[in-house]
Amino acid sequence: MYSTKTKINLYRSNVKSVLLYGAESWKMNKKENSMLDTFQNRCLRRILGIRWPDRISNDKLYRTTGVAPVSKEVKRRRWKWIGRVLRMEPSEDPRKALKWLPVGRRKVERLRTTWRRMAQKEKGCRIGVEDLGRGSRSCDQLD
C-alpha cells in the first residue's frame, strides 16, 4: 500500500519520537540499550518485510533504512542536553541540579548507577561535572 520510504519516514516521525521522549534524562544500562535497539530492529524488519527465516545483519538493516541505532540516538541527545545545561547561567535550576550532591552518607553497598555516574562512564573517566562539556577523552588532559 505505502512505499518503504514512506513507512520509514512514518516510523521516524511517529514511533521513534514517542519512543525517545525525554531520553535525555534516562539512566541507561546495557540491557535497556539492547531492548531499545531490539524493538527498533523488529520494527524496521517488519517495515521491510523480513521474516525470521530470512537473516539480515543489523548493520545491513541500518544501511538499508538509513536509520541509526536508538542507543546512539539516546547518547547523542544526552550529550546535547548536557552541553545546553553547561552553557546556562550558574543560577539556573538545571545547572544547579547537575552539580547537586546529596547531604549525608549512603548505606554500604554496591554503588547504584546514577545518571551522573553513567555520563562520567560514557566520557571515559571519573571526572567532575564541570568537565563534562570538554571535548577531551583523557583524564590527564582534563586537569
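Please treat every number below as a calculation from the coordinates, not as lab data. The structure displayed is predicted, hence computed values, not measured ones. Quick reminder, even Gly has a Cβ in these numbers, built from the backbone with ideal geometry, and neighbours come from all protein chains shown.
Descriptive notes on the structure:
- Extreme residue, surrounded by the fewest Cβ atoms within 10 Å (Cβ to Cβ), among residues of the range 16-38 that are over 13 Å from Trp115 (Cα atoms) and small (Gly, Ala, Ser): Gly22
- Among the residues of the range 39-75, those identified as more than 30 Å from Arg116 (Cα to Cα), assigned to a loop (DSSP other than H, G, I, E, B) and not acidic (Asp, Glu) are Gly49, Ile50, Arg51, Trp52, Pro53, Arg55, Ile56, Ser57, Gly66.
- Selected residue [among the β-branched types (Val, Ile, Thr), touching a residue at least 12 places away in the same chain (Cβ under 8 Å) and touching a Gly at 6+ places or on another chain (Cβ under 9 Å)] from Ile47, Ile8: Ile8
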